[in-house]
Structures are given as structure tokens and as C-alpha cells.
Amino acid sequence: MLGYLSGVIDSGKLLVHIDQHTDMREPERYFPEKLGKSVSLKEVFEYTNYTLNVGSFIRPALNCGLFSDVKIIDSSWAFEWEIPADFVLDIDMDIFSDDMSYIEDEIKQRKIKDYIAQTDFITIAASPYFIEQEKAVKLIKQLFH
């Protein structure tokens, strides 16, 4: 949301969400208004921190118009998809957790590096409950070098 409110990204882009989990749970309630520059960061902070959780943040972003659609990359099959240009990339490092080891790390790293090269805006979740943080930080450094 900060990227949108500060003018770095436009609303209505595709969200490419790379994660072990879909994060598409229904929230308790949706943000009270459609996306607009009149929304304050304080309002967004309170909504995301007191209403949403790590598993329910994507539907509200779609509902308010921040994103037009979402492509969830959570399987070996999904890593093979062609992604159209002009998207926002959301990387959750738990894609590298032991539970996701059935997808080779080399494939995940290569594809994520490709996505990084194609986008102008990236968010990263370190996922401390699902992956050791030293491993997550090391992988993040590898992805950006």
C-alpha cells in the first residue's frame, strides 16, 4: 500500500504471489472504502495489523482495486507459467521451507530471479514461523546477486 500511496506503483496491476501458502483466506471484514489517495497509512496500518493476518491479506488488496488479479506460485506446475508483463512480485521465503523441497531450489531460484528482473516492485516476507531466518536471509541475498 505504501508503494501505491507514494506513487511508486499504480493500482490494478497483477500480483505474482510466490508462497508455500495461498494467503487467500477471507478476512473478518474488508477495508471500508475502495482504493483512493485519501486513505491514510495510519488507517492501512490499523486495518492490516488488527484485522488481517498473514493468511488473509490478498483478498482485501484485490477487493479495493490495489491489484486486478493474483497468480499464486505455490507448486512446480505454477513455476512453469508464463507471467504477463507489468506485475508486482510478492515473495514469501517459506517457498524454500523443507515442506516445499519437492521443488528443486535451483528451479525456484532461477524462476524467482527471472521474475525479479521483470518487475519494478517487490515485497518480501521472511516467514519466521516456517523457515529459519538465517536461511531466509542467505537466500534473499542469493536472489538479488
Practice task
Answer yes or no: is there a residue in the stretch 87-106 that is assigned to a loop (DSSP other than H, G, I, E, B), touching a His at 6+ places or on another chain (Cβ under 7 Å) and not acidic (Asp, Glu).
Solution key: no
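Residue 10: exposed (fewer than 14 other Cβ atoms within 10 Å of the Cβ), of a type in the set (D, E, K, R) and either more than 30 Å from residue 108 (Cα to Cα) or within 17 Å of the chain's Cα centre (by Cα) (or both), yes or no? First the steps, then the outcome.
Numbers: exposed (fewer than 14 other Cβ atoms within 10 Å of the Cβ): yes; of a type in the set (D, E, K, R): yes; either more than 30 Å from residue 108 (Cα to Cα) or within 17 Å of the chain's Cα centre (by Cα) (or both): yes.
It is true that residue 10 is exposed (fewer than 14 other Cβ atoms within 10 Å of the Cβ), of a type in the set (D, E, K, R) and either more than 30 Å from residue 108 (Cα to Cα) or within 17 Å of the chain's Cα centre (by Cα) (or both).
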Exercise for the section: Determine, yes or no, whether residue 137 is modelled with pLDDT of 95 or more, outside any helix (DSSP H, G or I), aliphatic (A, V, I, L, M) and under 30 Å from residue 10 (Cα atoms). Expected result: no
Exercise for the section: Answer yes or no as to whether residue 117 is of a type in the set (A, V, I, L, M, F, W, C) and under 26 Å from residue 52 (Cα atoms). Expected result: no
Problem - Criterion: among the small types (Gly, Ala, Ser), within 25 Å of residue 5 (Cβ to Cβ), in contact with an Asp or Glu (Cβ under 9 Å, 6 or more places away or on another chain) and not in a helix (DSSP H, G or I) - qualifying residue of 76, 56 - result: 56
Problem - Number of positions in the stretch 114-145 that are out of contact with any helix residue (DSSP H, G or I) (no Cβ under 9 Å at 6 or more places or on another chain) and within 22 Å of residue 4 (Cβ to Cβ) - result: 4
Practice task
Determine if the stretch 53-66 includes at least one residue that is at positive phi, more than 15 Å from the chain's Cα centre (by Cα) and in contact (Cβ under 8 Å) with a residue 12 or more places away in the chain.
Solution key: yes
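The values are calculated or read from the model by the stated rules, or taken from the named source; none is laboratory data. Fair warning: this is a prediction, and the values are worked out from it, not measured in the lab. Positions of Cβ are generated from backbone atoms using ideal geometry, with glycine treated the same way; all protein chains shown enter the neighbour counts.
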